[in-house]
Amino acid sequence: MELRFFKRYVPMQVLEEAVLTVLKPESPALIHNNRIFHRLLLEGVPVAYSDGDDTRHDHAQLIDFNNFRNNQFLVVNQFTIQGTRMNRRPDVVVFVNGLPIAAIELKNPSNEQTDVWDAFNQLQI
């Protein structure tokens, strides 16, 4: 899958650096990385590039919140995720512009032996 950006005038090399910013975790702490990713998702990835003699500072947007038709949506059933200990396969993974936004594990509501913690434990990587 390919990440899409909506600032078309930003040089390709700068967009490639923005992709690396999104893909490379800043910290070993998951909650810290999630907060950073959330900020990048909402505000865009800060970029700087040369425009003649000037340096431009801008944000490359990961999602076009103003026009949803500019985004690509994909919902995948049984998408395999490579984990540190073993692979996981959530029932549903939601992607927006190639970014995994949600992983959903479904449980049978008629089975009284399962609860939300079973779904949570099944997704732990």
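The values are calculated or read from the model by the stated rules, or taken from the named source; none is laboratory data. Remember, predicted model here, so these are calculated numbers, not experimental data. Counting neighbours? That spans all protein chains shown, and the Cβs are built from the backbone with ideal geometry, glycine included.
What to note about this one:
- Of all residue pairs spaced 6 or more apart or on separate chains, those with beta-carbon atoms under 7 Å, a first member in segment 108-119 that is loosely packed, with under 10 Cβ neighbours inside 10 Å and a second member that is of a type outside the set (A, V, I, L, M, F, W, C) are Asn108/Thr114.
- Per-region count, segment 34-73, residues exposed (fewer than 12 other Cβ atoms within 10 Å of the Cβ), of a type outside the set (A, V, I, L, M, F, W, C) and part of a strand (DSSP E or B): 5
- Set Gln78, Gln61: member being at pLDDT 85 or above and within 15 Å of the chain's Cα centre (by Cα): Gln61
- Residue list for segment 78-91, filter: surrounded by 10 or more Cβ atoms within 10 Å (Cβ to Cβ) and under 12 Å from Ile104 (Cα atoms): Phe79, Arg88, Arg89, Pro90, Asp91
- The lone exception for His32 - which of (1) out of contact with any Phe, Trp or Tyr (no Cβ under 9 Å at 6 or more places or on another chain); (2) within 17 Å of Gly98 (Cα to Cα) it fails: (2)
- Some residue of segment 23-32 being surrounded by 11 or more Cβ atoms within 10 Å (Cβ to Cβ), part of a helix (DSSP H, G or I) and either at pLDDT 90 or above or in the same structural domain as Gln124 (by TED's automatic domain parsing) (or both): yes
- Condition met for Ala60 (farther than 30 Å from Asp118 by Cβ, of a type in the set (A, V, I, L, M, F, W, C) and in contact with a His (Cβ under 9 Å, 6 or more places away or on another chain)): no
- Within segment 47-59, residues that are assigned by TED's automatic domain parsing to the domain that holds Glu16 and under 18 Å from Val22 (Cα atoms) reach partners that are part of a strand (DSSP E or B) and of a type in the set (Ser, Thr, Tyr) with beta carbons closer than 6 Å, at six or more positions or on different chains, in the pairs Ala48/Thr55.
- Number of the condition not met by Arg88 [criteria: (1) in contact with a strand residue (DSSP E or B) (Cβ under 6 Å, 6 or more places away or on another chain); (2) free of Cβ contacts under 8 Å to residues at least 12 places away in the same chain]: (2)
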